[in-house]
Amino acid sequence: MNKVIINNYEEFASHLGQSLGTSDWVEVTQERINQFADATIDHQWIHTDPERAAVESPFKQTIAHGYLTLSLLPFMWNQLVEVNNLKMMVNYGMDNMRFGQAVLSGQRIRLNATLQGIQNLRGICKAEVKFNIEIEGQRKHALEGVATFLYYFS
């Protein structure tokens with residue numbers, strides 16, 4: 001996979017309306033789900049109790065927290081894009097975010113991203129990225145929305 005290399009606002013803006021690529025697959029293991037539950041203090045059984053989930057869950061196994069799926073976005077984003085010459089980058093917001101389908105323990109997900117909008121705000125690059133996190137072998141996505149990042153170029 002070739003990363004999109006961006007060194008300044010103009011280079012970023014040249015990708016407006018274009019796909020920025022597709023990340024590698026990331027496996028969502030039960031261990032990762034349990035670690036996320038510990039970090040967020042969200043130990044709901046549907047995420048952390050495989051035996052109970054096998055009997056009581058409509059999925060017949062544990063599922064990832066929706067916010068775990070979302071939290072993997074920066075890792076996958078960094079596989080697609082390398083932005084150089086930065087003082088800093090700030091996660092600015094999420095819009096139109098929708099969870100489409102639960103990610104089952106053991107499934108793999110990946111990111112597809114398109115630069116939907118870009119603005120130069122007095123030297124700060126505001127990038128709006130349309131994203132879709134898909135589940136391997138599934139037609140319905142896990143999560144989609146628009147992530148907005150602020151890039152402060154040097």
* To do: Before rounding to the nearest 500, sum -39500 (n - 2.57) across all DSSP H runs of length at least 4 in the chain and divide by the residue total; then give [θ] at 222 nm in deg cm²/dmol.
  => -6500 deg cm²/dmol
* Asked: Under a point spin-label approximation (7 Å from Cα along Cα-to-Cβ), what is the Gln61-Ile124 distance to one decimal in nm?
  -> 4.3
* To do: Calculate the dipole size of the chain relative to its Cα centre from +1 charges on Lys and Arg beta carbons and -1 charges on Asp and Glu beta carbons; express the result in debye to the nearest 20.
  => 340
* **Selected from Ile6, Leu104, Pro58, residue furthest toward positive end of dipole (the chain; charges at beta carbon)** => Ile6
* Structure fact -> Non-local residues with an amide H under 5 Å from the amide H of Ile118, with H modelled 1.01 Å from N and Pro and chain starts lacking one, are Glu128
* To do: Ignoring everything but the protein chains, give the 1.4 Å probe accessible area of Val55 in square angstrom, nearest 10.
  => 110
* Asked: Just the projected area, averaged over all directions, of the convex hull on the alpha carbon atoms of region 31-154: how many nm²?
  -> 8.6
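If r is the Cβ-Cβ distance from Thr29 to Met94 and R0 is 22 Å, what FRET efficiency results, to the nearest 0.05? It would help to have the intermediate numbers written out before the result.
Numbers: r = 25 Å, r/R0 = 1.13.
It comes to 0.35.
The values are calculated or read from the model by the stated rules, or taken from the named source; none is laboratory data. Note that the structure is predicted; figures quoted are calculated from it, not measured. No Cβ is skipped: glycine too gets one built from the backbone with ideal geometry, and neighbour counts run over all protein chains shown. Surface accessibility is based on the protein's heavy atoms, side chains included, excluding ligands, DNA and RNA. Shrake-Rupley method; radii C 1.70, N 1.55, O 1.52, S 1.80 Å.
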